[in-house]
Amino acid sequence: MKLTVRVEEWPYVTPFRITDYVFTGAEVVVVTLDDGGLTGRGEGNGVYYHGETPDSIVRDVESVRGAIEAGVSREAVQSLLLPGGARNALDCALWELDAKRAGKSVRELAGLPSLRPLLTTFTVSAGTPEDMAATAKSYTDARAVKVKLTPENTADCIRAVRAACPDVWLGVDANRGFTRASLEALMPVLKGCDVSLIEQPFALGHDGDLEGFQRSIPIAADESVQSSGDLKAMVGLYDAINIKLDKCGGLTEGLHMAREARKLGFKVMVGCMSGTSLAMAPAFVLGQLCDIVDLDAPMFLARDRERAVRYAHGELFCPEALWGGV
């Protein structure tokens, strides 16, 4: 087995702002595995709030080059590397390679009967109410919109986006920016604007602040749940779990998480960090098992891969010719 690792830069059209970070592009690591003419590819962006960078992801992959080139399995990768961007890229490359070896698609290998288009959210970066409303309105095909909130841009921004898009499914993502008191104060606005989901309202380590919290709107855990080992502690606090392949370390763990979350009574969401269509493709496979889909990252790129996912009528579709086909 031959391993190739490279870093790629994919600039954004405009910067993208959340509570504690501004993204100007997607700097990703692509892992390619070549096994006698059959190849598998995976893309990892890493988790910025864990300090992951393209250099650290490359180092992590290179640290296990010997095991990879000796012929590592997807099962072995789960203990070879910790959850994160490196394991995600390697795991997804192995999924595509294993599918080609078996003469099947990744979808078939994962036991899925078919691939359907997925309704996806279109994300509005944090900004002024006017700017956020204009962005939301520019998503003319959108049927679901997710608003990035910061502590200083709450009620007026939500009202502005709802006024601009009166008929869409609307979710808000706080990215750990609120306290219990500030969320309680905001709840009447959220209810009045018919918000359907609140994502990660509190800082890491403050999940217990949701105990006894009266809500008529489901609350989803994102940063608070990295992999399946975090799920049980969230029971009774959150209503949904946002799975991201860069967090959990690949499609293998992502599929496992989705099934375990269901058993524990959670709704299941698939999201993404920054990335190109190559990163969305395995997440699209996972999305077949999910209730909520947030896979719009390529829309922020100035350019995408030659073979790319398709967005139409508010839905996402990833042709198997892009990744994971026979």
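Restricting to the stretch 166-190, name every residue that is surrounded by 18 or more Cβ atoms within 10 Å (Cβ to Cβ) and hydrophobic (A, V, I, L, M, F, W, C).
The answer is 168, 169, 170, 172, 174, 178, 183, 186, 190.
On the basis of being in contact with a Leu (Cβ under 8 Å, 6 or more places away or on another chain) and more than 19 Å from residue 269 (Cβ to Cβ), does residue 155 make the cut?
For residue 155, the condition - in contact with a Leu (Cβ under 8 Å, 6 or more places away or on another chain) and more than 19 Å from residue 269 (Cβ to Cβ) - is met.
Could you tell me which numbered condition residue 26 fails, if it satisfies all but one of (1) at negative phi; (2) more than 17 Å from the chain's Cα centre (by Cα)?
Every condition holds for residue 26 apart from (2).
Checking the conditions here, which among 280, 299, 257 is in the same structural domain as residue 125 (by TED's automatic domain parsing), assigned to a helix (DSSP H, G or I), under 20 Å from residue 117 (Cα atoms) and more than 12 Å from the chain's Cα centre (by Cα)?
Result: 299 is the single residue among 280, 299, 257 that is in the same structural domain as residue 125 (by TED's automatic domain parsing), assigned to a helix (DSSP H, G or I), under 20 Å from residue 117 (Cα atoms) and more than 12 Å from the chain's Cα centre (by Cα).
Residue 256: surrounded by fewer than 17 Cβ atoms within 10 Å (Cβ to Cβ), in contact with a helix residue (DSSP H, G or I) (Cβ under 7 Å, 6 or more places away or on another chain) and either among the hydrophobic types (A, V, I, L, M, F, W, C) or in contact (Cβ under 8 Å) with a residue 12 or more places away in the chain (or both), yes or no?
The answer is yes for residue 256.
Could you list all residues from the stretch 242-283 that are within 22 Å of residue 21 (Cβ to Cβ), in contact with a strand residue (DSSP E or B) (Cβ under 9 Å, 6 or more places away or on another chain) and of a type in the set (A, V, I, L, M, F, W, C)?
243, 245, 269, 270, 273, 279, 280, 283
Just to confirm my filter: which helices (runs of 4 or more DSSP H) fall fully inside the stretch 1-83 and include at least 1 residues that are loosely packed, with under 15 Cβ neighbours inside 10 Å and of a type in the set (S, T, N, Q)?
Hits in the stretch 1-83: 74-80.
Condition first: under 28 Å from residue 315 (Cα atoms) and out of contact with any strand residue (DSSP E or B) (no Cβ under 6 Å at 6 or more places or on another chain). Now tell me which residues in the stretch 71-86 satisfy that.
Within the stretch 71-86, just 84 meets the criteria.
The values are calculated or read from the model by the stated rules, or taken from the named source; none is laboratory data. The structure displayed is predicted, hence computed values, not measured ones. Every residue, glycine as well, gets a Cβ built from its backbone with ideal geometry; the counts of neighbours run over all protein chains shown.
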